[in-house]
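The structure appears right after this line, and notes come after that.
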Amino acid sequence: MRIAVLAVQGAFIEHERILRELGAECVELRQGSDLSGSFDGIVLPGGESTVQGKLLRELGMFEDLKRRILDGTPVLGTCAGLILLAGSLENSPERYFATMPILVRRNAYGRQLGSFSAEARIRGVRNEEEPFPLEFIRAPYIVSADGAASPIAVIGKMPDGSEGENVVGVRYENQLGFAFHPELTKDVRCHEMFLAMCRGT
């Protein structure tokens with residue numbers, strides 16, 4: 001199985017490590033010509049969404065990647081990758097691929113709470129009753145999801161102790177989006193779920 005990993009900025013190496021551990025071949029996307037081959041899935045890593053969006057256009061990858069996603073190629077977006085997939089952003093006029101019918105708030109937890117850890121059950125992973133370790137770094141969260149976009153991960157108590165339910169994982173057709181960084185943990189179940197989507201199982 002061949003997975004294309006956006007490698008212009010952000011935590012792409014960590015994704016590649018897990019994918020290779022699970023038996024996948026990784027192809028790094030750094031310029032338009034890297035899209036000439038075939039692949040079974042796409043990973044949009046965490047990082048800085050504004051920078052990634054700008055580079056995707058400047059390096060000639062934006063339209064081709066968007067078309068592939070719309071044509072059904074499975075995609076996994078984490079943190080900044082989730083922002084790239086979002087149909088709209090609550091606190092920004094920017095729109096990128098906009099292939100997932102969700103409203104996302106960027107940097108949702110503010111500077112003081114910019115990085116924190118939590119746990120949640122993720123619907124659809126192996127042993128889904130076992131909590132998954134969540135690592136958040138200046139993370140967004142999903143304000144709302146429309147239509148067939150299904151929340152699959154929710155956190156309750158906030159890092160500051162306040163109560164609330166924030167959606168931090170969603171699945172829509174061929175797309176998986178997470179506000180956290182599964183690639184920064186030793187738990188590979190999110191990547192297993194993504195590869196199962198790529199295999200069509």
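The values are calculated or read from the model by the stated rules, or taken from the named source; none is laboratory data. Since this is a predicted model, take the numbers as computed values, not measurements. So basically every Cβ, Gly included, is an ideal-geometry build from the backbone, and we count neighbours across all protein chains shown.
Can you give me the number of residues within the range 79-93 that are closer than 18 Å to GLY169 by Cα and in a loop (DSSP other than H, G, I, E, B)? Spell out the reasoning first.
Start the filter on the range 79-93 by keeping residues that are closer than 18 Å to GLY169 by Cα, which leaves 79-90.
Narrowing further to those that are in a loop (DSSP other than H, G, I, E, B): 79, 90.
The qualifying residues number 2.
Is it the case that GLY147 is free of Cβ contacts under 8 Å to residues at least 24 places away in the same chain, surrounded by fewer than 14 Cβ atoms within 10 Å (Cβ to Cβ) and either on the phi > 0 side of the Ramachandran plot or under 17 Å from the mean Cα position of the chain (by Cα) (or both)? Reasoning before the result, please.
Working: free of Cβ contacts under 8 Å to residues at least 24 places away in the same chain: no; surrounded by fewer than 14 Cβ atoms within 10 Å (Cβ to Cβ): yes; either on the phi > 0 side of the Ramachandran plot or under 17 Å from the mean Cα position of the chain (by Cα) (or both): yes.
No.
Can you work out which of the residues in the range 30-43 that are touching a residue at least 40 places away in the same chain (Cβ under 8 Å) and not in a loop (DSSP other than H, G, I, E, B) is farthest from MET197 (Cα to Cα)? Break it down stepwise before answering.
Residues of the range 30-43 that are touching a residue at least 40 places away in the same chain (Cβ under 8 Å), as a first pass: 40-41, 43.
Now restrict to residues that are not in a loop (DSSP other than H, G, I, E, B): 41, 43.
Values: GLY41: 9, VAL43: 12 Å.
Among those residues, the one meeting the criterion is VAL43.
If ARG2 satisfies every condition in (1) at pLDDT below 95; (2) farther than 20 Å from HIS181 by Cα; (3) out of contact with any Lys or Arg (no Cβ under 8 Å at 6 or more places or on another chain); (4) not hydrophobic (A, V, I, L, M, F, W, C) but one, which is the exception?
Among (1) at pLDDT below 95; (2) farther than 20 Å from HIS181 by Cα; (3) out of contact with any Lys or Arg (no Cβ under 8 Å at 6 or more places or on another chain); (4) not hydrophobic (A, V, I, L, M, F, W, C), ARG2 violates only (1).
Just to be sure before I move on: is VAL154 over 25 Å from ALA4 (Cα atoms) and either outside any strand (DSSP E or B) or out of contact with any helix residue (DSSP H, G or I) (no Cβ under 6 Å at 6 or more places or on another chain) (or both) in the structure I sent? Before the answer, list the steps.
Values: over 25 Å from ALA4 (Cα atoms): yes; either outside any strand (DSSP E or B) or out of contact with any helix residue (DSSP H, G or I) (no Cβ under 6 Å at 6 or more places or on another chain) (or both): yes.
Answer is yes for this residue.
Say we look at the range 11-24 and pick out the residues that are modelled with pLDDT of 95 or more and part of a loop (DSSP other than H, G, I, E, B); which of these is surrounded by the fewest Cβ atoms within 10 Å (Cβ to Cβ)? Steps first, please.
Initial filter on the range 11-24 (modelled with pLDDT of 95 or more): 12-24.
When the remaining residues are screened for being part of a loop (DSSP other than H, G, I, E, B), the result is 22-24.
Details: LEU22: 14, GLY23: 8, ALA24: 22.
Top of the filtered list is GLY23.
Table: residues versus (1) on the phi > 0 side of the Ramachandran plot; (2) under 14 Å from the mean Cα position of the chain (by Cα); (3) surrounded by 14 or more Cβ atoms within 10 Å (Cβ to Cβ).
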site	(1), (2), (3)
ASP34	no, no, yes
ASP40	no, no, yes
PRO45	no, yes, yes
GLU48	no, yes, yes
LEU84	no, yes, yes
SER92	no, no, yes
ARG95	no, no, no
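Could you list, in sequence order, all residues of the range 84-101 that are among the hydrophobic types (A, V, I, L, M, F, W, C) and touching a strand residue (DSSP E or B) at 6+ places or on another chain (Cβ under 6 Å)? Before the answer, list the steps.
So in the range 84-101, the residues among the hydrophobic types (A, V, I, L, M, F, W, C) come out as 84-86, 89, 97-98, 100.
Those that are among the hydrophobic types (A, V, I, L, M, F, W, C) and touching a strand residue (DSSP E or B) at 6+ places or on another chain (Cβ under 6 Å): LEU84, LEU85, ALA86, LEU89, ALA98, MET100.
For residues that are outside any loop (DSSP other than H, G, I, E, B) and either within 17 Å of PHE180 (Cα to Cα) or among the aliphatic types (A, V, I, L, M) (or both), tally how many sit in the range 94-149.
Filtering the range 94-149 for residues outside any loop (DSSP other than H, G, I, E, B) gives 100-105, 115-120, 132-137, 141-145.
In the following step, the residues that additionally are either within 17 Å of PHE180 (Cα to Cα) or among the aliphatic types (A, V, I, L, M) (or both) were identified as 100, 102-105, 115-120, 132-137, 141-145.
Residues flagged as outside any loop (DSSP other than H, G, I, E, B) and either within 17 Å of PHE180 (Cα to Cα) or among the aliphatic types (A, V, I, L, M) (or both) within the range 94-149 amount to 22.
Is one or more of the residues making up the range 52-65 free of Cβ contacts under 8 Å to residues at least 60 places away in the same chain, in contact with a helix residue (DSSP H, G or I) (Cβ under 8 Å, 6 or more places away or on another chain) and under 20 Å from ALA148 (Cβ atoms)? Don't jump to the end; show me each part of the working.
So in the range 52-65, the residues free of Cβ contacts under 8 Å to residues at least 60 places away in the same chain come out as 52-65.
Checking which are in contact with a helix residue (DSSP H, G or I) (Cβ under 8 Å, 6 or more places away or on another chain) leaves us with 52-53, 56, 59-62, 64-65.
Now drop any that are not under 20 Å from ALA148 (Cβ atoms), which leaves none.
No - not one qualifying residue is present in the range 52-65.
Residue by residue through the range 44-78, note down the ones that are in contact with a Phe, Trp or Tyr (Cβ under 7 Å, 6 or more places away or on another chain) and outside any helix (DSSP H, G or I).
Selection gives PRO45, PRO74, LEU76, THR78.
Within the range 144-156, does at least one residue satisfy the condition of being at pLDDT below 90, among the aliphatic types (A, V, I, L, M) and out of contact with any Asp or Glu (no Cβ under 7 Å at 6 or more places or on another chain)?
Scanning the range 144-156 turns up no residue that is at pLDDT below 90, among the aliphatic types (A, V, I, L, M) and out of contact with any Asp or Glu (no Cβ under 7 Å at 6 or more places or on another chain).
Which one of VAL8, VAL27 is touching a helix residue (DSSP H, G or I) at 6+ places or on another chain (Cβ under 8 Å), closer than 16 Å to LEU195 by Cβ and outside any helix (DSSP H, G or I)?
Testing whether each residue is touching a helix residue (DSSP H, G or I) at 6+ places or on another chain (Cβ under 8 Å), closer than 16 Å to LEU195 by Cβ and outside any helix (DSSP H, G or I) leaves just VAL27.
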